[in-house]
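Engineer: Have a look at this one before I ask anything.
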Amino acid sequence: MSEFLAMGGYGLYVWGSYGVALLCIVLDVLSLKK
Amino acid sequence: MLYKLASPQAFFPVAGTLIPWFGALAAALALAGLYVAFIVAPTDATQGEAYRIIFIHVPAAWMSMFLYLIMAGWAGLGLALNTRLSGMMASAIAPTGAMFTFIALWTGALWGKPTWGTWWVWDARLTSELILLFLYLGFIALKASIDDPLRADRAGAILALVGAVNVPIIYFSVQWWNTLHQGASVSLTRAPAMAMTMLTGMLLMALAAWMYSIAVSLARVRNIIQERERHAQWIQA
């Protein structure tokens, strides 16, 4: 599991990409609520 | 049928029915895409695991351009036919288009650092994609600054249509100029220059992004309809 998270030393870049993308999607969906 | 749906009143319930379907499709496709991206696809020989950013970067970049063209198309339709729903659709698409543009730029920076050695370069591909973000934000700001919705629709449509010239510039930038960004790996006219599993993962994520965009745009256009038609009898009923 920790090997998976490490992404061969690129963890910061890979998870930084997917994490921020997920955050954007969450904010986009939340913006629909009035 | 189409003419009937062009009225906000008729479109409102139809959009409401479609949203859960597109939302569920988006979630299922994204799960399948992530499975391929992280479990099935092997480590890249030259880039190691860093290349897995491709599965979010490329679909987001595609979507940023597609959504702009669709937004400009709706805006242009509104300008030509004076249909109220068209301008609302354009407004509904813009924030999600801007989001995908930002994701493309952000993931590009995080991919550029380990592979190119830099977060950012002012090359044609990156710069034109940044201009796309400004076009989306300009479109949103312009429409928000004009009180009369019909005037806002018209002004926004002109901006959107003029800005559409940027989309082919983004797409062909890697051919027209010497860029640090690589050329297209996927095209309709020749075999893709990548492994089948990678292509599958990318296409699944791209389809998920499409379904997501449709669901969110429909939900947003419903909000806009409610806001703009709040004085109409049908919405108060």
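The values are calculated or read from the model by the stated rules, or taken from the named source; none is laboratory data. Model, not experiment: these values are computed from the prediction. Note: ideal-geometry Cβ built from the backbone for every residue, glycine included; neighbour counts use all protein chains shown.
Engineer: Filter region B:211-237 down to the residues that are part of a helix (DSSP H, G or I) and away from chain A (no Cβ under 14 Å) and list them by number.
Structural biologist: B:Gln233, B:Trp234, B:Gln236
Yes/no per residue for (1) polar (S, T, N, Q); (2) touching a residue at least 24 places away in the same chain (Cβ under 8 Å); (3) touching a helix residue (DSSP H, G or I) at 6+ places or on another chain (Cβ under 9 Å):
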site	(1), (2), (3)
B:Ile146	no, no, yes
B:Ser173	yes, yes, yes
B:Ser187	yes, no, no
B:Arg190	no, no, no
B:Leu204	no, yes, yes
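Engineer: Give me the pairs, please: first residue somewhere in region B:17-44 and without any contact (Cβ under 8 Å) to a residue 12 or more places away in the chain, second residue anywhere and surrounded by fewer than 16 Cβ atoms within 10 Å (Cβ to Cβ) and in a helix (DSSP H, G or I), beta-carbon distance under 8 Å, and either six or more positions apart or on two chains.
Structural biologist: B:Thr43/A:Gly8
Engineer: Looking at region B:96-198, what helices (runs of 4 or more DSSP H) fall wholly within it and have at least 3 residues that are within 14 Å of another protein chain (Cβ to nearest Cβ)?
Structural biologist: B:124-145
Engineer: With the structure loaded, tell me whether B:Pro42 is of a type outside the set (A, V, I, L, M, F, W, C) and under 15 Å from B:Tyr212 (Cα atoms) or whether it fails that test.
Structural biologist: no
Engineer: Also, quick follow-up: What are the pairs, 6+ residues apart or on separate chains, where a residue within region A:6-24 that is farther than 14 Å from B:Met99 by Cα and facing chain B (nearest Cβ under 7 Å) has its Cβ under 8 Å from a residue that is of a type in the set (A, V, I, L, M, F, W, C) and surrounded by fewer than 18 Cβ atoms within 10 Å (Cβ to Cβ)?
Structural biologist: Taking only residues 6 or more apart or on different chains, the pairs are A:Met7/A:Trp15.
Engineer: Give region B:155-165 a look and list any residue that's touching a residue at least 60 places away in the same chain (Cβ under 8 Å) and buried (at least 16 other Cβ atoms within 10 Å of the Cβ), or say none.
Structural biologist: Residues satisfying the conditions are B:Gly156, B:Ala157, B:Ala160, B:Gly163, B:Ala164.
Engineer: Moving on. I'd like the residue in chain A that is assigned to a helix (DSSP H, G or I) and charged (D, E, K, R) and, out of all such residues, is surrounded by the fewest Cβ atoms within 10 Å (Cβ to Cβ).
Structural biologist: A:Glu3
Engineer: For region B:121-154, give me each residue that is more than 25 Å from B:Thr107 (Cα to Cα) and crowded, with 20+ Cβ neighbours inside 10 Å.
Structural biologist: Selection gives B:Lys143, B:Asp153.
Engineer: Can you name the residue in region B:166-178 that is buried (at least 17 other Cβ atoms within 10 Å of the Cβ) and modelled with pLDDT under 95 and, of all such residues, is nearest to B:Leu142 (Cα to Cα)?
Structural biologist: Only one residue fits best here, namely B:Ser173.
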